[in-house]
Amino acid sequence: MNHTASAKHMIREYAWDLGIDGVGSCDAEPLMETRGAFESAVRQGLIPQESAPHPETIVRLTTPRSHLRGARSILSAFQYYHRDEARPADPSRGVIAAYTRANHYLDLKLKLKMLAGFMEKEFGCRTRVFSCYVTLAEKPIAGKAGIGFYGKHGVIITPAHGSLVVLGELLTDLDLEPDQPREPSCGTCTLCMDACPTGAITSPYMLDRNRCLQYLSERRGTIPLNVRDLWANRLYGCSTCQDVCPHNTGLSPTPREVIFGWVGDSIAIREILDMDEVDFRTRFRNNQIGIRDLGTIRRNAVIAAGNSRMDSFMPALKELTGDPDPMIRQHSLWAVAKIGGPAVRGLLEKALGAEPDPLVQRDIKSLLDGVARFA
């Protein structure tokens, strides 16, 4: 066994001892194909204009050495999060996507930091650790490092754990033998594409983020009226494409208990509607939801409340139609109309007369034109 193969074997063994479910390695060269794909998605409008990455950001995402000068290898790692939990059926509760019911990203990152410490001590190398996709293009790296392949839904599928994993990366100036990428094995299956509520998977491996419920749930902005109708009682995230994927069927639940940022499978919608900034930061401390804007999560809760058709939400929603945030006013008026139907026409007309924001005005006019459809 040569030096690089021996080092790689030791690293894999230590990663396994730490509880990391899988690792692979690749070189640290720029991801030029990924860079081109990002740029193409922006040009085609597949990423909403207000959240499209700047050209410099795309370069940083696809240039590993911009984060560690002299990097020669990348370890791509994953952590399995499946706990076999049923989707909550109570319409008064907002559903949390399974991957973020606890902060598996932080748990994996801490393990990678321990692995990095081992490598620095054992091999005298330099390292840097990442997790949660905001710094490096983690899925292309995972594919290049052979820990999985891209499914048609655009999520990495691992051989033994399907796509129910979160990813992390360890950059190092240690020269490690790269692993071979895996061949895709989706075949002719299009279940993920067919099941997407909004048709966001426009073709295999092609995602229109303007329609992706997962993407939209993370960011401020107006949710189109037709998409609100399809939102159901989601509070954060969407996993429909993964729920139907054959690679995710028959998997055993992980026994792992992740304590960081635990929020559970759902949260009472009313709790979110009433939440202020302090409550929000406390409730979602150490969870990925906590890095988002409170208004975004309240907007999601407002849409879920509207789709519940529960009269008990009406007092809170009517109060929110006067919220200082135009985004909250906009979606609260929709939710009131969704629950109240033609009976709230007077409220909508009054709101239109007092509304200063042109975007909200346009929404109210659409609601007035179609309010009968909520009956």
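Rule-based calculations on the coordinates, nothing more; no lab input. In this text, all values refer to a predicted model and were calculated from it rather than measured experimentally. Here the Cβ positions follow ideal geometry from the backbone for every residue, glycine too, while neighbour counts run over all protein chains shown.
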Discussion item. Students often get this wrong, so try it: which of (1) 21.2, 67; (2) 22.6, 79; (3) 23.1, 74 is Rg and Dmax of the Cα atoms in Å as calculated from the structure shown?
Written reply: (2)
Practice prompt. Taking a cut-off of 30 Å between Cα atoms, list the lysines near Lys139, but don't count ones fewer than 8 places away on the same chain.
Written response: Lys8, Lys109, Lys111, Lys113, Lys121, Lys152
Practice prompt. Name the longest site-free stretch of the chain, where the excluded sites are GluC sites (Glu not before Pro) in a DSSP loop with no more than 14 other beta-carbon atoms within 10 Å.
Written response: 86-256
Discussion item. Distance between the C-alpha centers of the range 229-269 and the range 299-335? Whole Å please.
Written reply: 24
Item to complete: Enumerate the calculated ³J(HN,Hα) couplings along the range 118-134 in order (Karplus 6.51 cos²θ - 1.76 cosθ + 1.60, θ = phi - 60°), each rounded to whole Hz, writing x wherever the residue is Gly or Pro.
Response: 4, 5, 4, 6, 6, 10, x, 9, 9, 9, 8, 10, 9, 6, 5, 6, 8
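Helix-only estimate, please: 222 nm mean residue ellipticity of the chain, summing -39500 (n - 2.57) across DSSP H runs of length 4 or more and dividing by its residues, to the nearest 500.
-12000 deg cm²/dmol
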Worksheet item: Which listed residue (Pro255, Ile297, Ala195) has the Cα farthest towards the positive end of the charge dipole for the range 191-374, taking +1 on Lys and Arg C-beta and -1 on Asp and Glu C-beta about the Cα centre?
Response: Ala195
Worksheet item: Roughly how many nanometres apart are two label points built 7 Å out from the Cα toward the Cβ at Met10 and Leu225?
Response: 6.5
Discussion item. Using +1 at the C-beta of Lys and Arg and -1 at the C-beta of Asp and Glu, which of Pro204, Pro30, Gly117 has the Cα lying farthest in the positive direction of the dipole of the chain?
Written reply: Pro204
Discussion item. I want to verify a result. In a Gaussian network model of the chain, Cα cutoff 10 Å, which of these has the top mean-square fluctuation: Ala86, Ala195, Ala28?
Written reply: Ala86
Worksheet entry | Tilt relative to the chain, helix 358-370 - C-alpha long axis, 0 to 90 degrees, to 10 | 60
Item to complete: With a Förster radius of 30 Å, plug the Cβ-Cβ distance of Thr188 and Leu251 into 1/(1 + (r/R0)^6) and report the FRET value to the nearest 0.05.
Response: 0.85
Worksheet, complete the sentence: Going from the fewest other Cβ atoms within 10 Å to the most, one would list Ser217, Ser40 as Ser40, Ser217
Worksheet item: In the Gaussian network model of the chain, springs joining C-alpha atoms below 10 Å, which of Ala337, Ala160, Ala145 carries the largest mean-square fluctuation?
Response: Ala160
Worksheet, complete the sentence: Relative contact order in percent for the chain (Cα pairs under 8 Å, 6+ apart) equals 18
Discussion item. Placing +1 on the Cβ of each Lys and Arg and -1 on the Cβ of each Asp and Glu in the range 3-172, which of Tyr133, Ala102, Ile147 has its Cα farthest towards the positive end of the resulting dipole?
Written reply: Tyr133
